[in-house]
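Below: the structure, in structure tokens.
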Amino acid sequence: MTVRTGGGDAGLTFRVTGPGVGPDSYSGYYAGISAGGKVVLGRADGGWTPLGSRELSIDPGSPHRLRVTAVGAHIKVYVDDMTSPKISVTDGTYGSGATGVRVFGTAASFDSVAVSPAR
């Protein structure tokens, strides 16, 4: 994905149920990156609960790989370096649901989005 401008972030939603209109108006998880240089992971349910964040070097306008693994209650978020997670948490609030993309307060583009079963 490529985050272009703005103060928001863009990324992946997963284990989502009850999607709605408006920020955080769904139940599920979100992992994203911002043009300002941060990766975030949180839980939404009509509001926002941060689960983790980390500063990192992001070059706005350049593509970055974002990968999320969610196996049971263990969630890991990888950015570019696919061997070491940037964020690793345990949260079993949501166990299943839909996967999608989300953009908030920025411009972004996505390519090669794939969903695979846990290995």
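The values are calculated or read from the model by the stated rules, or taken from the named source; none is laboratory data. Just so we're clear, the structure is a prediction, and the values are computed from it rather than from any experiment. So basically every Cβ, Gly included, is an ideal-geometry build from the backbone, and we count neighbours across all protein chains shown. Ligands, DNA and RNA are excluded from the accessible area calculation, which covers all protein heavy atoms including side chains. Shrake-Rupley method; radii C 1.70, N 1.55, O 1.52, S 1.80 Å.
A few remarks follow.
- Within the stretch 1-20, tally of residues that are crowded, with 22+ Cβ neighbours inside 10 Å and more than 19 Å from residue 111 (Cα to Cα): 0
- With respect to the conditions (1) surrounded by fewer than 19 Cβ atoms within 10 Å (Cβ to Cβ); (2) closer than 24 Å to residue 117 by Cβ; (3) within 15 Å of the chain's Cα centre (by Cα), residue 23 lacks only one, and its number is (2).
- Tally of residues being surrounded by fewer than 15 Cβ atoms within 10 Å (Cβ to Cβ) and farther than 20 Å from residue 99 by Cβ across the stretch 33-53: 4
- In the set (1) of a type outside the set (Lys, Arg); (2) surrounded by 15 or more Cβ atoms within 10 Å (Cβ to Cβ); (3) free of Cβ contacts under 8 Å to residues at least 12 places away in the same chain, residue 30 fails one condition alone, (3).
- Here residue 85 fulfils each of the conditions (1) closer than 27 Å to residue 117 by Cβ; (2) touching a residue at least 24 places away in the same chain (Cβ under 8 Å); (3) surrounded by 16 or more Cβ atoms within 10 Å (Cβ to Cβ) apart from (2).
- Residue match in the stretch 108-116 (condition: over 23 Å from residue 4 (Cβ atoms) and modelled with pLDDT under 95): yes
- Matching residues, the stretch 9-20, being of a type outside the set (S, T, N, Q), over 10 Å from the mean Cα position of the chain (by Cα) and part of a strand (DSSP E or B): 15, 16
- Hits in the stretch 76-118 (condition: farther than 15 Å from residue 15 by Cβ, among the polar types (S, T, N, Q) and in contact with a His (Cβ under 9 Å, 6 or more places away or on another chain)): 88
- Taking first residues from the stretch 92-117 that are farther than 17 Å from residue 41 by Cα and open to solvent by 80 Å² or more (accessible area, probe 1.4 Å) and partners that are in a loop (DSSP other than H, G, I, E, B) and modelled with pLDDT of 90 or more, the Cβ contacts under 8 Å between residues at least 6 apart in sequence or on separate chains come to 111/1.
- Members of the stretch 62-82 that are touching a Lys or Arg at 6+ places or on another chain (Cβ under 8 Å) and exposed (fewer than 12 other Cβ atoms within 10 Å of the Cβ): 82
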